[in-house]
1. Could you look through segment A:240-262, keep only residues that are under 13 Å from the mean Cα position of the chain (by Cα) and over 16 Å from A:Ile115 (Cα atoms), and pick out the one that is surrounded by the fewest Cβ atoms within 10 Å (Cβ to Cβ)?
2. Checking B:Gln417 against (1) touching a residue at least 40 places away in the same chain (Cβ under 8 Å); (2) part of a helix (DSSP H, G or I); (3) more than 9 Å from every other protein chain (Cβ to nearest Cβ), which single condition isn't satisfied?
3. Hey, does segment B:74-89 have a residue that's in contact with a Pro (Cβ under 9 Å, 6 or more places away or on another chain), in contact (Cβ under 8 Å) with a residue 24 or more places away in the chain, within 28 Å of B:Val36 (Cβ to Cβ) and among the hydroxyl-bearing types (Ser, Thr, Tyr)?
4. For residues in segment A:188-209 being facing chain B (nearest Cβ under 10 Å), assigned to a helix (DSSP H, G or I) and of a type in the set (Ser, Thr, Tyr), which is nearest to A:Gly68 (Cα to Cα)?
5. Since A:Phe185 meets every condition but one in (1) within 14 Å of chain B (Cβ to nearest Cβ); (2) without any contact (Cβ under 8 Å) to a residue 12 or more places away in the chain, which condition does it not meet?
6. Going by what's in this entry, would A:Ala224 be described as small (Gly, Ala, Ser) and under 20 Å from the mean Cα position of the chain (by Cα)?
7. Check off (1) free of Cβ contacts under 8 Å to residues at least 12 places away in the same chain; (2) assigned to a helix (DSSP H, G or I) for A:Phe268 and give me the number that stays unchecked.
Amino acid sequence: MNEEHLALPDAQAQHPAPSSHPKRRRLSLGNYGDRFALVGAWVVVIAIFGILSPGAFLTARNFSTIFGSQAVLVVLTLALLIPLIAGDYDLSVVGVLTLAGMMLAVMNVQMHVPIGWAILAAIAMGLTVGIINGAFVVLFNIDPFIVTLGMQTVLIGIVLWISKSATISGVSPSLVNWVVVRRLFGIPLEFYYGLVLCVALWYFFGYTAVGRRVLFVGRGRKVARLSGIRVGRVRWGCLMASGALAALAGILYTGTTGAADPSSGTTFLLPAFAAVFLGGTTITPGRFNAWGSFIAVYFLVTGISGLSILGIQTFVQNLFYGGALIIAVTLSQIVKMHQERSQPI
Amino acid sequence: MQEGVVVRHLSKTFGGQRALDDVSLTILRGEVHGLVGQNGSGKSTLIKILAGYHDPDPGGHLEINGHAVKLPLRPGAFRMLGLSFVHQDLGLLPSLTVVENFRAGKISTTSQWRIRWGVERKRAEKAFERYGLMVDPSAKKVEDLPSVQRALLAIIRAVEDMAEANTDEGHPKGLLVLDEPTVFLPKTDTDQLFKVVRDIAASGASVLFVSHDLDEALAVCDRVTVLRDGHVAGTVVSTETSTDALVELIIGRRLEALTQFQRSEDPGGDSKVAVKELTGPTIRGVSFDLREGEILGLTGLVGSGFEEVPYLMFGATSAKTGHLTVGGVDHDLTKMRPSRAIEIGMALLPADRQDAGGVGSLTVEDNLMLQVLGRYFKTMWLHTRQLLQDSRNVLKEHDVRPAQPNMDFQALSGGNQQKVLLAKWLQTGPVLLLVHEPTQGVDVGARHQVYEMLRMAASGGMSVVCASSDYEQLSLICDRVLVFASGELCDELVGEEISKDRIAERCYGGGRNSCADQIAGD
């Protein structure tokens, strides 16, 4: 009995592949059932809420809200996605988001800096945070989970300091204009920012040589290093990209309301994690991927939106997102086990 | 003397291959019994059966102190039977104190919820005193101990665990299994260890001493059993035999003559690759050179350091000193790193396939094409269809089965994985290919395909360094073999001299001392 479990690697090594009967089974990566299960689930969720409250849920206005209002979450999820592909957690993304939003408000409203310069400064701040995170992770070989957890708290501290713990409103209307007021096909522009970013990451990780190498860094550091990939540099770069994108999410967040508050941004962390893990179970199951994350965000938001239309209290959001994260991680584990089992041998 | 542990007719089959074949062995009480043999001769399989890690084939018998024990053993059951193991890595936790390590076995299994550290410390002190180990149990962390004291700590701990389970008026009467305990020890420190081992046997326990070093085995053991190809080649009394006689038993006659490749006759070409004064963790001042199209074998016993060479040359581990010349350009090996090595036309196929060779959870295509992705990135776009097509062709060309690029890499058998990884590097057209144990865990059929791939590559002008402890493999593919001992280059075999037996003879027969003498004499 125990031999079967313990000696598995050995036993596998000594069995040649069953070349005599090549299984003609489509492998999981090409398995449409697995790939589009989440899209199907999304349709089902829409149908259920549509039946429960057709008048309020199935309206163009509601969908415009769903798509438009959550671009911040989409961008933040994509920010989280990049270091995750390289095998690192970045918990500081919501700190960067909040600080970027607050910097914008403080600079633009209180210091009268033109909005364009304020935006550049916010993105530079995001990059800097990424550089600092990367320095600790790469140069001192510290677990990024811990580094970014500390960084997150530091950033929130800075936010409280520069804002004096108050909400600052009155940010330049031109920003608000370019984020939520202008619409294309009835959907606020910010939705398209998220979409463009998603396309960019899909292209980068799927269709450039550099992007594919990042995956090796995430899955097998030693293999990547021996294959000539500069592992430290890649991880560092991913943390920088994550900082810059998180800053962008913060700019969009402030642009949505024209104001920045010191605390609400942190509530995005959990939904972003839920989305990125749920996204890893779809499109290319078993791998974190941009389109999966994108779809997962809207799947989750549709659920929340439907629940709130049904008049369910806001604490349900916490139940929903927290539950979704756990279920998403479990699902990705199941996908992995299923893939392993469906392999020949 | 009384019989301690008796093994009869023990066999073990892995996927059709016999790793152990009808092995019988008697270890007396109070005896230090040696177990020697080449890699793959079945030593570790035998030990793993005693540890309950492998289930033996039906039909084997095990007796301990006159009582028959039912096989297979459950994992962990060995403790109750009075068996105790010290493996090569010693199983110590370096950051904990000596006493914490000493009682780790008890702490992890006890049902008592309070540990009385005072009592445990006294106990440790008493045991150390008995075997002459001068260490303060609570003051020192294990990482601060010299290597010989670490080894002794692990051994004394094993004896104490054994005594606790199974005592006869305070005397341990179990079996202590020492698996290569001296590999990481300086030669000068082994005497102290041997004394402790003798003391343990004198107190009534049996000791099974597994070693590669025949001089050592003869020095410490009463009798030595030699395994060859899974069966017992003989059991000899140490005082009535010699190292040479043991070597003969270990090598035996060659079982099967595999196709011998035509060795490339000295083409008289210039050496294209040269290594000078390479020093690493174990090896010191190693220099050699390589001709175009030559396959150079590096070998030696465990601990001789030969296996460090490819990693040092590739910059995977950093060298203390050393220079590498490739194509007339000199490179400082202390500053070498893998990315640089690849740029100058090197490739490394590491022994650890799972962890360092390929990523199991990615696809075969991902692993196969990693180095050449750039070629498929044209007009800002990775041409994935062509990538898939080409990878399928490469898989077919090297007879990887199944030739499915989309499959997870880990789903391939060891041999097919190795073919994929070799093909991965051959696509880059390296000038110098470094391989370490290229056929470890590779079945016989695929093994030959790997040899052919290496030979083909060499005939195309590539220089190959093959670090391996498989003498047969070296004799089949190498044009020249360098033998290492104690971190130094001590012997060279060329042309007709290269045979499996000759290599083994130089590895064992050379011995550490004589090799050192030879170096001093040069």
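The values are calculated or read from the model by the stated rules, or taken from the named source; none is laboratory data. Because the structure is a prediction, the values reported are computed rather than measured. When we count neighbours, we look across all protein chains shown, and the Cβ atoms used for this are built from the backbone with ideal geometry, even at glycine.
1. The qualifying residue surrounded by the fewest Cβ atoms within 10 Å (Cβ to Cβ) is A:Ala241.
2. Going through the list (1) touching a residue at least 40 places away in the same chain (Cβ under 8 Å); (2) part of a helix (DSSP H, G or I); (3) more than 9 Å from every other protein chain (Cβ to nearest Cβ), B:Gln417 breaks only (3).
3. Yes, there is a match, as at least one residue in segment B:74-89 is in contact with a Pro (Cβ under 9 Å, 6 or more places away or on another chain), in contact (Cβ under 8 Å) with a residue 24 or more places away in the chain, within 28 Å of B:Val36 (Cβ to Cβ) and among the hydroxyl-bearing types (Ser, Thr, Tyr).
4. Checked segment A:188-209; the qualifying residue nearest to A:Gly68 (Cα to Cα) is A:Tyr203.
5. (1)
6. When the stated conditions are applied, A:Ala224 does not pass them.
7. Every listed condition holds for A:Phe268 apart from (1).
For (1) closer than 30 Å to B:Thr299 by Cα; (2) out of contact with any Lys or Arg (no Cβ under 6 Å at 6 or more places or on another chain), each residue gets a yes or a no:
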{"position": "B:Asp352", "(1), (2)": "yes, yes"}
{"position": "B:Ala356", "(1), (2)": "yes, no"}
{"position": "B:Glu365", "(1), (2)": "no, yes"}
{"position": "B:Arg375", "(1), (2)": "no, yes"}
{"position": "B:Leu382", "(1), (2)": "no, yes"}
{"position": "B:Arg385", "(1), (2)": "no, yes"}
{"position": "B:Val394", "(1), (2)": "no, yes"}
{"position": "B:His436", "(1), (2)": "yes, yes"}
{"position": "B:Val442", "(1), (2)": "yes, yes"}
